[in-house]
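One structure below.
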Amino acid sequence: MQTRLPEDLLRTPEGQEADAILRSCVHCGFCTATCPTYQLLGDELDGPRGRIYLIKQVLEGQPASRTTLQHLDRCLQCRNCETTCPSGVRYTRLLEIGKARLARQVQRPWPQRLLRRMLAFWLPRRRFNRIGFSIAHLLRPLLPKRLAHHLPAHWQPASLPTKAPMEKHVVLFQGCVESTLMGPAHEATRQLLRACGHGLRYLAQEHCCGAVEHHLDQPEAAQARALNNVHLWRAALAEGADAIVMLSSACLLEVRHYPQLLGEQAPKDLGTILQRVEGLDSWLGRHLPADFDQPGNGPVVAWHPPCTLQHGLRQAEAIPQLLARAGYRVRLAQDSHLCCGAAGTYTLLQADLSQALGETRRQALQALEPAAITTANIGCLLQLQDPSGPPVRHWAELLAERLQA
Ligand code: SF4
Ligand code: SF4
């Protein structure tokens, strides 16, 4: 793609990066066919190729409007287009640069701005989101159905020690909403690690990974959280932790992008520390004892690979392999490459699109008639809940259950 970015922008690292990404796109449109929002809305501007054109116009200094921003805001950032693209276009990075530039020209309507600020304040703070979810749980019968069904019927905050044990141990990342709503998965992780001869701890001062604020246009707040976490992880590793493990693929993807997020603020040893941060699946793959394996005649489970895992981290094979080792018969639903519509705060910011995508995924997964639906990310776990369908659980819970059996 030919570009005419202004000289002042081309003198900046972001300008040069955006120019290189734009030039790598050859307009073939392969990505459009696999884009969930294009499939729903049928508008070229709600697909990746159209959005790339819009970003190019913004960066070249052409006038932009709220409609331009709306097309970009409708993007789930699922990265399905990046997996499809034969030219390796780094669409998500281009979107990030383009939206930051556009935000200087166009404002969202005030109700949207208010909602985004409220979410950016409330979600990353564990104490507040625990209070909020407790109230929502009590008011569940009064909530609109589309909101109520995202709440798991039973949930309890996780509670694990924060003191470093003498034994071999790993640190389990708490996240923000994750440790509030995924207590059973954290308890399951403790059991799995115990089977591998390791203890488990939290870090009391650990923050949210920063993804919420990063995606709600508050990069400085996300940077502060990233720096805080890196500092704590460095200390925990020095105290003998074997690794920092994560249960939600969205958090791990955000952490993988800390070098980009932090830029010149990145500490010199960031790369070394990040090498010790990994998904629970990769840690278990190295440590589960051989006698964990069971005959493959267990219950059928429907596996939903989160976009952050399959398109972002490109590591979607390890978890089904672990489930198969535990004896489960793992099934993939039709069009499993498509997003469930959770996409962080998308459920609340683009409620209609999110609802439509969630319904399609739920139907495809339930059509497999599984004993349970399983996934690897807190957002998907909430989005796929359906009181009239099979239980939706984190894969670590299923693995721990077989361990007990
Ligand atoms: S598939 Fe890649 S090269 Fe083709 S239009 Fe999409 S982003 Fe551009
Ligand atoms: S990230 Fe997902 S929603 Fe956004 S353009 Fe790419 S495929 Fe479409």
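So here's what we get for this one:
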| read-out | value |
| --- | --- |
| Approximate shape of segment 80-134 as ellipsoid semi-axes (Cα gyration tensor, √5λ), whole Å, largest first | 31, 19, 8 |
| Rg/Rh ratio calculated on Cα atoms of segment 178-241 (Kirkwood radius) | 1.06 |
| Rounded Å value of the spacing that divides the Cα centres of segment 15-65 and segment 379-405 | 36 Å |
| Charge tally in the Cβ shell below 11 Å around W110, where Lys, Arg are +1 and Asp, Glu are -1, W110 excluded | +4 |
| Inter-probe distance in nm under a simple model that places probes 7 Å from Cα toward Cβ, at V300 and L41 | 3.6 nm |
| Electrostatic dipole magnitude of the chain [Cβ: Lys, Arg +1; Asp, Glu -1; Cα centre; debye, to 20] | 620 debye |
| Residues in segment 25-39 that a label on D335 would reach, taking backbone N under 13 Å of a point 7 Å out along Cα→Cβ | 33-39 |
| Spacing of the two label points (7 Å from each Cα toward its C-beta) at T12 and A367, in nm | 4.6 nm |
| Burial order of peptide ranges 38-49, 372-383 (average beta-carbon count within 10 Å, highest first) | 372-383, 38-49 |
| Gain in span if fully extended, Q70 to A33, counting 0.36 nm per residue against the direct Cα distance | 11.3 nm |
| Normalised contact order of segment 7-102, rounded percent, pairs of Cα under 8 Å and 6 or more residues apart | 35 percent |
| Scattering profile of the chain at q = 0.07, 0.09, 0.11 Å⁻¹ [log10 I(q)/I(0), Debye over alpha-carbon scatterers] | -0.33, -0.55, -0.83 |
| Unpaired by the 4.7 Å Cβ criterion, cysteines found in the chain | C25, C28, C35, C75, C85, C196, C340, C380 |
| Using alpha-carbon coordinates, inclination of helix 91-102 to the longest axis of the chain, degrees | 50 degrees |
| Farthest positive-ward along the chain dipole, Cα basis, beta-carbon charges - from A250, L114, L5 | L114 |
| Added length on full extension, which subtracts the Cα-Cα distance from 0.36 nm per residue, A324 to L139 | 62.7 nm |
| Added length on full extension, which subtracts the Cα-Cα distance from 0.36 nm per residue, L147 to Q112 | 10.8 nm |
| For M118, M182, order by how many other beta-carbon atoms lie within 10 Å, fewest first | M118, M182 |
| Span per principal axis, largest first, for the Cα atoms of segment 238-389 (Å) | 50, 46, 22 |
| Per-selection Kirkwood Rh - segment 7-102 (Cα, Å, 1 d.p.) | 13.3 Å |
| Inter-site label distance for A224 and T162 at 7 Å from Cα along Cβ, in nm | 1.9 nm |
| Positive dipole terminus of the chain, leading residue within C75, H150, I131 (C-beta point charges) | I131 |
| Lysine pairs within the chain, Cα separation less than 30 Å, 8 or more sequence positions apart or different chains | 4 |
| Nearest-0.05 FRET efficiency for E359 and R4, computed from C-beta distance (R0 51 Å) | 0.75 |
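Laboratory data are not the source of any read-out in this text; all were calculated from the coordinates shown. Please read these numbers as outputs of a predicted model, since none were measured by experiment. Backbone-built Cβ (ideal geometry, glycine too); neighbour counts: all protein chains shown.
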